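Working notes, beginning with the structure itself.
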Amino acid sequence: MKMKVTIALSSIAIIGLWSLSGCDSASMQAKVQAQANIPIYSGSRAQMIPTGIPMPIRTIEVYDKELKKRIEVDVLSIESSEIRGRLTSTETFISVEKRDSSGKLTYLGAGGRVSRGKYRVTFDYTNYTNQNVSFGTDEQESAIGRIGVGLRITAELETSANGVDLGGLIPIGLAVQDQKVSGHLKFHVYGMSNDKVSLAAPTQSILDISSIQKAFEAAAAVRILFGLEETILEPYLIGVADIKPADSERATEAAIKRLVK
């Protein structure tokens, strides 16, 4: 029996899943994507590759009315209301990575139908802004550092059939019901301090229909917490964007050096 319609509809009403795409120009990346049955992204730059662990940033850009220009200030020196005013974008980022026999992860993009294997799917339900980062030996290459607050759901999965859709929590839930995928979910609320945060999301859960529903409920709860005046905010670096996936390691290292404590 498929996921109950009421669950699917309420989940969609709570929050939508946005599609992202990405590719790697390296031949190994193309081979992995072909084997996984995921179409290679026609562009050359990924929209979001998550950091392994979200990390608090050191400074953020604000507008100084006296100097009449943008300046960087320590995030601990400004009120959460001002931080809230800077995190003007709201989006769900999805990232699919395939794990090989050695445990190494290869970035595939934002979803699609995959072959049998082990995967990590990362969902970031986040309020964010962007900050430019230069990297490379001559610092002529650039990336976008995504900084924000929100909820990260990490799905560690193993598929037992070909053609399993990993493009969202609902299709993953359907695959669980069809016994085509197994695994667990990890929940991480980042950049928010509020007594209610611990009630918003579990730390880990076996992957089943109940945990899928809790994931949507947690995302909705965290976004409500974001808007509360009592919630203290501290933006985190959650990933890098507008880069070739092959450059993700260098770009991430540069973003950490540039933005993180």
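In this structure, does Ile83 turn out to be part of a helix (DSSP H, G or I), modelled with pLDDT of 90 or more and crowded, with 18+ Cβ neighbours inside 10 Å? Spell out the reasoning first.
On the way: part of a helix (DSSP H, G or I): yes; modelled with pLDDT of 90 or more: yes; crowded, with 18+ Cβ neighbours inside 10 Å: yes.
Yes: the conditions hold for Ile83.
Have a look at Gly227, Gly191 and point out the one that is on the phi > 0 side of the Ramachandran plot and in contact (Cβ under 8 Å) with a residue 24 or more places away in the chain. Break it down into steps so the answer makes sense when it comes.
Working: Gly227 fails: on the phi > 0 side of the Ramachandran plot.
Step by step, each of Gly227, Gly191 is checked, and only Gly191 is on the phi > 0 side of the Ramachandran plot and in contact (Cβ under 8 Å) with a residue 24 or more places away in the chain.
Which of the residues that make up the range 154-180 are over 30 Å from Leu87 (Cα atoms), buried (at least 22 other Cβ atoms within 10 Å of the Cβ) and under 20 Å from the mean Cα position of the chain (by Cα)?
Result: Leu157, Gly173.
Evaluate the range 95-105: report whether one residue or more is of a type outside the set (Asp, Glu), within 23 Å of Lys214 (Cα to Cα) and outside any loop (DSSP other than H, G, I, E, B). Reasoning before the result, please.
Keep residues of the range 95-105 that are of a type outside the set (Asp, Glu), which gives 95-96, 98-99, 101-105.
Add one more test, that the residue is within 23 Å of Lys214 (Cα to Cα), and what stays is 95-96.
Cutting the leftovers down to outside any loop (DSSP other than H, G, I, E, B) gives us 95-96.
Yes: one or more hits.
Could you pull out the residue among Ile60, Ile78 that is in contact with a Ser or Thr (Cβ under 9 Å, 6 or more places away or on another chain), surrounded by 13 or more Cβ atoms within 10 Å (Cβ to Cβ) and within 24 Å of Lys261 (Cα to Cα)? Write out each step before concluding.
Numbers: Ile78 fails: in contact with a Ser or Thr (Cβ under 9 Å, 6 or more places away or on another chain).
So the residue among Ile60, Ile78 that is in contact with a Ser or Thr (Cβ under 9 Å, 6 or more places away or on another chain), surrounded by 13 or more Cβ atoms within 10 Å (Cβ to Cβ) and within 24 Å of Lys261 (Cα to Cα) is Ile60.
Search the range 231-261 for residues being assigned to a loop (DSSP other than H, G, I, E, B) and at pLDDT 95 or above, and hand back the single one that is nearest to Asp195 (Cα to Cα). Steps first, answer last, please.
Residues of the range 231-261 assigned to a loop (DSSP other than H, G, I, E, B): 231, 234-235, 242, 244, 261.
With the extra rule that they be at pLDDT 95 or above, the set shrinks to 231, 234-235.
Numbers: Thr231: 9, Glu234: 15, Pro235: 18 Å.
If we take residues in the range 231-261 being assigned to a loop (DSSP other than H, G, I, E, B) and at pLDDT 95 or above, then Thr231 is nearest to Asp195 (Cα to Cα).
Confirm whether Ser115 is touching a helix residue (DSSP H, G or I) at 6+ places or on another chain (Cβ under 9 Å) and within 30 Å of Pro171 (Cβ to Cβ).
Numbers: touching a helix residue (DSSP H, G or I) at 6+ places or on another chain (Cβ under 9 Å): yes; within 30 Å of Pro171 (Cβ to Cβ): yes.
For Ser115, the condition - touching a helix residue (DSSP H, G or I) at 6+ places or on another chain (Cβ under 9 Å) and within 30 Å of Pro171 (Cβ to Cβ) - is met.
Does the range 158-177 contain any residue that is in contact (Cβ under 8 Å) with a residue 40 or more places away in the chain, among the aliphatic types (A, V, I, L, M) and under 23 Å from Val260 (Cα atoms)?
No, the range 158-177 has no match at all.
Please enumerate the residues belonging to the range 118-153 that are among the polar types (S, T, N, Q) and surrounded by 21 or more Cβ atoms within 10 Å (Cβ to Cβ). Reasoning before the result, please.
Restricting attention to the range 118-153, the residues satisfying the condition of being among the polar types (S, T, N, Q) are 122, 126-127, 129-132, 134, 137, 140, 142.
Selection gives Thr122, Thr126, Asn127.
Restricting to the range 206-217, name every residue that is in contact (Cβ under 8 Å) with a residue 60 or more places away in the chain and farther than 11 Å from Leu169 by Cβ.
Glu217, the sole residue that qualifies.
Please find, within the range 106-135, the residue that is modelled with the highest pLDDT out of those that are assigned to a loop (DSSP other than H, G, I, E, B) and not polar (S, T, N, Q). So that I can check it myself, show each step before the final result.
Kept after step one, since they are assigned to a loop (DSSP other than H, G, I, E, B), are these residues of the range 106-135: 110-112, 115-116.
Of the ones still in play, those that are also not polar (S, T, N, Q) are 110-112, 116.
Values: Ala110: 80, Gly111: 75, Gly112: 81, Arg116: 93.
Restricting to residues being assigned to a loop (DSSP other than H, G, I, E, B) and not polar (S, T, N, Q), the top hit is Arg116.
Could you go through the range 181-202 and let me know if any residue there is out of contact with any Pro (no Cβ under 9 Å at 6 or more places or on another chain), among the polar types (S, T, N, Q), surrounded by fewer than 17 Cβ atoms within 10 Å (Cβ to Cβ) and within 26 Å of Ala46 (Cα to Cα).
Checked against the condition, which is being out of contact with any Pro (no Cβ under 9 Å at 6 or more places or on another chain), among the polar types (S, T, N, Q), surrounded by fewer than 17 Cβ atoms within 10 Å (Cβ to Cβ) and within 26 Å of Ala46 (Cα to Cα), the range 181-202 yields no hits at all.
For Ser248, state whether it is over 28 Å from Val133 (Cβ atoms) and among the polar types (S, T, N, Q). Lay out the reasoning, then the answer.
On the way: over 28 Å from Val133 (Cβ atoms): no; among the polar types (S, T, N, Q): yes.
Judged against the criteria, Ser248 is not a match.
The values are calculated or read from the model by the stated rules, or taken from the named source; none is laboratory data. Since we're looking at a predicted model, the values are computed, not measured. Backbone-built Cβ (ideal geometry, glycine too); neighbour counts: all protein chains shown.
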